[in-house]
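Presented below is the structure to which this report refers.
The values are calculated or read from the model by the stated rules, or taken from the named source; none is laboratory data. Remember, predicted model here, so these are calculated numbers, not experimental data. Accessible surface areas use protein heavy atoms only, side chains included; no ligands, DNA or RNA. Shrake-Rupley method; radii C 1.70, N 1.55, O 1.52, S 1.80 Å.
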Amino acid sequence: MNSQRRQRCSIALSVVLAFSVLIGCKSKGAEASAAPFMSTVASAPPQATDNAPSPDKTDGFDGNRAFAHVAKQVGFGPHPSGSPAIVQVQDYLISALKSYGCLVETDAFSTDTPAGRLQMKNILVKIPGEKPEIILLGTHYDTKKMENFVGADDGGSSTAVMLELARLLCSQHGRYAVWIAFLDGEEAVQNWSETDGRFGSRQMAARLAASGDLKKIRAFLLADIVGGRTAQFPRESSSTPALIDLVWNTAARLGYSSIFLNESSEAQDDHDSFMKRGVPAVDVIGDFVHNGYWHTPQDALDKISPKTLAIVGHVFLESIKQLQTK
Ligand SMILES: [Zn+2]
């Protein structure tokens, strides 16, 4: 949920030169469409449109359940990597996943960061398939270390979507295995770089490479910042083209073209750690540059829409179905 541009933005916002640098940190795709994004963000949808659709319209995905998972995470307060609060979040995730009958593995590790050595924990759900190949889903659940930052959208929303997907998928067996990664340490401890941020995904990709599982991953579908009431999803241009097409064509078929946009923007995120190792991946990430609350204390529960969560969950479920037929 970070990109170099986003990191630069957050630095910019913390100093007085916010406006000029904010312009400078827009990604190419977003710049080309600044006006439509801004006008959309300016006119928040009425409350009623935030209601989650009935789960029978979204393959069983329950936007209200997902919203409750965001609320629960926010309730733990700020939970950056290495904090006491993130241990509570980890326990919550593991107990929820086990209550759905999921097979859960954890990888506790410590890693050097610009703030010293930190304890982190990746959580991995493994749903077996008929064949050894794997469809990997992912989210990060840590929040950026900032005062009063609870990361309802940045950390909370995608983690909630993955919990609700786990509830539905852990009782199903498809052609391919489905693994769901709950990653620690996506956020940079100080400044986003190759060595600061994406700690959890770098750890998991390295572990799976060592075990031989990495080469079995047919696709990595990552979600990040996916719960905003005014969310829009440009195609993330560094992702694998065939997977971008698969997800965005699926969204169009389901009638979500006003949210899954036919324009591009670039973000650096946890998918990078897998793409660098040759894994095809796609990042479904909301337009954080224009949402008005990214990496600020305003990223709170009032920004989250059960309807958006349900739409993203529906798109993921249908995209997984597509991948299971290939
Ligand atoms: Zn972030």
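Among the listed pairs Lys121/Lys326; Lys126/Lys276; Lys276/Lys307, give every one whose C-alpha distance is greater than 26 Å.
Lys121/Lys326; Lys276/Lys307
Work out from phi, with θ = phi - 60° and the Karplus expression 6.51 cos²θ - 1.76 cosθ + 1.60, the ³J(HN,Hα) of each residue of the stretch 262-274, listed in order in whole Hz, and give x for Gly and Pro.
Here the 3J(HN,Hα) series is 8, 8, 10, 8, 10, 9, 9, 6, 5, 5, 4, 5, 8 Hz.
Whole number in Å², please: accessible area per residue of the stretch 159-298, 1.4 Å probe, ligands, DNA and RNA not counted.
33
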